[in-house]
Ligand SMILES: Nc1nc2c(c(=O)[nH]1)N[C@H]1C(S)=C(S)[C@@H](COP(=O)(O)O)O[C@H]1N2
Ligand SMILES: [Mo]
């Protein structure tokens, strides 16, 4: 049996991947444990720090596909603030100070101001959700995130009727982020969502993965996760959320308007101007998979775009 006397596995007992496989076997066999027990079981012993991740419950929408090994999720990254190579973020992001951290909430909302991360997280039930992520460059992963619905945060700040979009910014600090000393993108990194996309129950703010706080290279201490869009929409290390009346111009739209549109929904029918989007390489697999419309989340999100030309609105 898996659960020890302490009711808790430590990292030396099993690898995270094994924990996840076994947890899924539990669930399949109908031996559903209480949420808290499942959460505790997932926690490796190094889950320390200010963030309290010890009451994580299994959330909705989780994929039952095999999760990508943790070592790949934390070593093969895009985080241009630390360099453009996939190995740069794991090498350089540890220098980023993530505590204390605060978020600026501004624009068209009843409540605005600067809030500490602790305040943003206070009283929130954290959930684990296993989501597919499809990068625009053609690879994909399956990642067990820990976080909460972005909709919960939006509701707290009460956007006004003028608020139609959300605009997010990443930290700008070339001292800590050496990649920002080069003009590969227009810094700070900016992303945006339409209000209904932000309120969609799939959209989450993540503060952890694989049972632990987010590693810096994955966007600590808080990042967006929008699983039906290309990975670049999921902005990391967020310091500002702005409720706006007009559609934000994102860093990628500015860098290449012909290549990156505002929506960036995963769509195998719309090629990137320089490559097809029909297939993807799941990290760890040899044979390519077919890319699915909305990254396989069509049932949940297709209705957000009824009547829209998704070739024009790429
Ligand atoms: N601030 C910031 N956020 C970012 C990026 C970035 O360069 N800077 N890269 C994006 C891209 S292209 C992808 S594919 C995902 C990668 O997330 P991961 O490294 O956690 O897998 O982060 C996205 N968020
Ligand atoms: Mo990406």
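Just so you know, all these numbers are worked out from the coordinates, no wet-lab data involved. Everything numeric in this text was worked out from a predicted model, so none of it was measured. Glycine gets a Cβ as well: all are built from the backbone with ideal geometry, and neighbour counts include every protein chain shown.
Measuring nothing but how far apart in sequence close Cα pairs (under 8 Å, 6+ apart) lie, relative to its length, segment 111-247 scores a relative contact order of 30 percent.
Normalising the average separation of contacting C-alpha pairs (under 8 angstrom, six or more residues apart) by the number of residues puts the relative contact order of segment 184-260 at 36 percent. Across segment 17-305, the mean sequence separation of Cα contacts (distance under 8 Å, 6 or more residues apart), normalised by length, yields a relative contact order of 20 percent. Taking the Cα of residue 111, stepping 7 Å toward and past its beta carbon, and measuring to each backbone N in segment 142-160: which are under 16 Å? Within reach of a label on residue 111: 149-160. Treating the Cα atoms of segment 160-205 as identical point scatterers in vacuum, please give the log10 of the normalised Debye intensity I(q)/I(0) at q = 0.14, 0.15, 0.22, 0.30 Å⁻¹, two decimals. Listed by q, the Debye log ratios stand at -0.49, -0.54, -0.79, -1.06. Between residue 298 and residue 181, what is the FRET efficiency for a Förster distance of 35 Å, r being their Cβ-Cβ separation, to the nearest 0.05? Approximately 0.30, to the nearest 0.05. Normalised Debye scattering of segment 145-272 at q = 0.17 Å⁻¹ gives log10 I(q)/I(0) of -0.94, counting only Cα atoms as equal scatterers and leaving out solvent. If you sort the three axes of the alpha carbon gyration tensor as a ≥ b ≥ c, you get a/c of 1.5 or more for segment 76-141 and a/b above b/c, which makes it prolate.
How would segment 91-216 be classified by its alpha-carbon gyration tensor: rounded, prolate or oblate, with rounded meaning a/c under 1.5 and the a/b versus b/c comparison settling the rest? Verdict is rounded for segment 91-216.
Overall form of segment 17-305: rounded. Here a/c, set by the Cα gyration tensor axes a ≥ b ≥ c, is under 1.5.
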